[in-house]
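Engineer: Here you go, one structure.
No lab work stands behind these numbers, since they all come straight from the coordinates. Small disclaimer: the values here were computed from a predicted structure and weren't measured. Ideal geometry is used to build each Cβ from the backbone, glycine not excepted, and the neighbour counts take in all protein chains shown.
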Amino acid sequence: MLKKHIENGDVIRLISHNDADGISAAGVIANAIHEEGGQFHTTIVPRLKSDTVKDLAKEKYELFVFSDMGSACLEQINQSIKSDVIIADHHQPSDVEANDNVVHINPHLFGIDGSKDLSGAGASYLVVRDMDKKHLAYLALVGAFGDMQCPDGFSGVNQMILSDGLDSGNLEIHEDLKIVSKTQEPIYKSLAYTLNPALPGLTGNLEGAIGFLEKRGISYGIKFDELSDEERDVLKDELIKLNPEIFGDVYTVPKENPVLRNLEEYSILLDSCGKNKKFGLGISIALGERDKALNAALNLQNNYRSELMKGMEWITREGSIPMDYIQYIYSDDKVLKSVMGTIASVGMSAKILPEDKPILALARLHNDIKISGRTTRPMVNKGVDLGKALQDASANFGGQGGGHDIAAGAMIPFTAKDNFLLLVNDIIEHQLNNN
Ligand SMILES: [Mn+2]
């Protein structure tokens, strides 16, 4: 369907999600259209609402492509859009059949787990794969990294996309240290900025990283790439002692610019663009713009990283507030608010906060509170379902919430803060006792 519209000379309307996966997804489709000599018009949105679909339906396009979103709005799309539609999504679909003018690609329709086996960018890649586009497989995997679908290698359809990427010759796998910005930043910053896998004592801790390197006789001010082979070996052994997961398979596009060479770092950069609402910038990078665009994105990333370091300092100093079955952090500080969710989860994985209670990160936004909840796999195995807990508790106070068992979010009125926390605490107690 896509190819037909490109050949007809139609401008293709792309609508995608605002995170790293969504931007990669738009990038996959946009690259394919561009390579075939077609034109496109892209809009990136935080979530697809019925009203957005109604507004889009008034636009005069022959083909609409929704990527990393759309499946939940299928009913509205069926009703309002009479032109051709492609939906390439991996979120839970609504329970309706697609109209004849709608091509619906979603792993859940085939019994495949869309939370780990295929990303939105991956679903988009499946749209263009038959157009001889295996060289775009790597970008689909950038999206998978964005949605944390590579905890320990790729699985499901992602694995097929990986073999496409390897076949195409532009993607490679090798074993290496999984630390970020090896060619850009002094080594102590590379260590402090490495969030996943977390390095206890180093992640989010610039001074800790300097002390760690000095103690081992490694000059902290130079870049990882400038270390001698001997120093690299020492560092590798010492980091593995902190967290064995720090050494393992890394996925790279060797001919790419050094700052984008590693797929995971590519996704982190697109995420920075998304978080700062610079969607056009993210798409430009995915379309191959470098120089100025890349510098602008790196600036955003640097700003975000310094905010994150402030947040990590704060959480190290203040800790979390414990309740019987949960813990929480709260702030109305402008800088801290933007990084609350990340510092809560990295705080746990870097062992700054205890891991035996789910954490809620609360940020005040005017008269509301935005909540990001995180827990660990062992807690989920004991019965915790944060998505359900936040959905039920927020509904009780006229708010909204939901998500996955291990990570979820909610928005509630500010005045409900204390009672909301008590209710979530009770729900988690109930979940643990009734498992
Ligand atoms: Mn996604």
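Engineer: Non-local amide H neighbours of Val65 (under 5 Å, H modeled in plane, Pro and chain starts lacking H): which ones?
Structural biologist: Arg13, Leu14, Ile15, Ile86
Engineer: Next question, about the same structure. May I ask you to order 337-348, 169-180, 18-29 by the average number of other C-beta atoms within 10 Å around their residues, highest value first?
Structural biologist: 18-29, 337-348, 169-180
Engineer: Could you list the square roots of 5 times each eigenvalue of the Cα gyration tensor of the stretch 2-171, that is, the equivalent ellipsoid semi-axes, sorted largest first and rounded to whole Å?
Structural biologist: Calculated on Cα positions only, the semi-axes equal 24, 19, 13 Å.
Engineer: OK, next. So how do 132-143, 387-398, 423-434 stack up, highest first, on mean other-Cβ count within 10 Å?
Structural biologist: The peptides rank, most packed first, as 132-143, 387-398, 423-434.
Engineer: Efficiency by 1/(1 + (r/R0)^6): what FRET value for Gln92 and Asn434, r their Cβ-Cβ distance, R0 = 41 Å, to the nearest 0.05?
Structural biologist: 0.95
Engineer: Just grab the label-to-label distance for Lys292 and Asp233, each label 7 Å out from Cα along the Cβ direction, in nm (one decimal).
Structural biologist: It works out to 4.8 nm between the two label points.
Engineer: So how many Lys-Lys pairs in the stretch 2-171 land under 23 Å Cα to Cα, not counting same-chain pairs under 8 apart?
Structural biologist: Eligible lysine pairs with Cα atoms under 23 Å apart amount to 17.
Engineer: I would also like to ask the following. Seen from all sides and averaged, what is the projected area of the convex hull of the Cα atoms in the stretch 319-433, in nm²?
Structural biologist: 6.1
Engineer: Which of the trypsin sites (Lys or Arg not before Pro) across the stretch 1-103 are loop residues per DSSP, with 10 or fewer other Cβ within 10 Å?
Structural biologist: Answer by residue number: Arg47, Lys58, Lys60, Lys82.
Engineer: Given the -39500 (n - 2.57) contribution per DSSP H run of 4+ residues, what per-residue ellipticity at 222 nm results for the chain, rounded to the nearest 500 deg cm²/dmol?
Structural biologist: -13500 deg cm²/dmol
Engineer: At 0.36 nm per residue, minus the direct Cα-Cα distance, what do Glu35 and Lys334 gain on full extension? Give it in nm, one decimal, please.
Structural biologist: Difference between extended and current length: 103.4 nm.
Engineer: How do Arg317, Arg290, Arg261 line up, fewest other C-beta atoms within 10 Å first?
Structural biologist: The order, fewest Cβ neighbours first, is Arg317, Arg290, Arg261.
Engineer: Got a sec? Charge dipole of the chain, +1 on Cβ for Lys and Arg, -1 for Asp and Glu; which of Leu362, Met148, Asn31 is way out at the positive end?
Structural biologist: Value: Leu362.
Engineer: Per residue of the stretch 324-330, in order, report the coupling 6.51 cos²θ - 1.76 cosθ + 1.60 (Karplus, θ = phi - 60°) as ³J(HN,Hα) in whole Hz, putting x for Gly and Pro.
Structural biologist: Per-residue couplings from phi come out as 5, 10, 9, 10, 9, 10, 9 Hz.
Engineer: Here's a follow-up. Mean shadow of the chain, computed from the convex hull of its alpha carbons, in nm²?
Structural biologist: Projected area, direction-averaged: 21.3 nm².
Engineer: Using a/c under 1.5 as the rounded threshold, could you call the stretch 193-263 rounded, prolate or oblate? The axes a ≥ b ≥ c are square roots of the C-alpha gyration tensor eigenvalues, and prolate needs a/b larger than b/c, oblate otherwise.
Structural biologist: prolate
Engineer: Name the long-range amide H neighbours of Tyr251: under 5 Å, sequence gap of 5 or more, or other chain; modelled H, no Pro or chain starts.
Structural biologist: So Tyr251 has HN proximity to Leu263, Glu264.
Engineer: With a ≥ b ≥ c taken as the square roots of the eigenvalues of the C-alpha gyration tensor of the stretch 205-326, please select rounded if a/c is under 1.5 and otherwise prolate if a/b is larger than b/c or oblate if it is not?
Structural biologist: Because a/c hits 1.5 or more and a/b fails to exceed b/c, the stretch 205-326 counts as oblate.
Engineer: In whole Å, what is the distance between the alpha-carbon centres of the stretch 233-264 and the stretch 141-175?
Structural biologist: The distance from the Cα centre of the stretch 233-264 to that of the stretch 141-175 comes to 15 Å.
Engineer: Another question, then. Taking 41 Å as R0, compute the FRET efficiency from the Cβ-Cβ separation of His174 and Val103 and round it to 0.05.
Structural biologist: The computed FRET efficiency comes out at 0.65.
Engineer: What FRET efficiency, computed as 1/(1 + (r/R0)^6) with R0 = 51 Å and r the Cβ-Cβ distance, is obtained for Ser80 and Lys241, rounded to the nearest 0.05?
Structural biologist: 0.30
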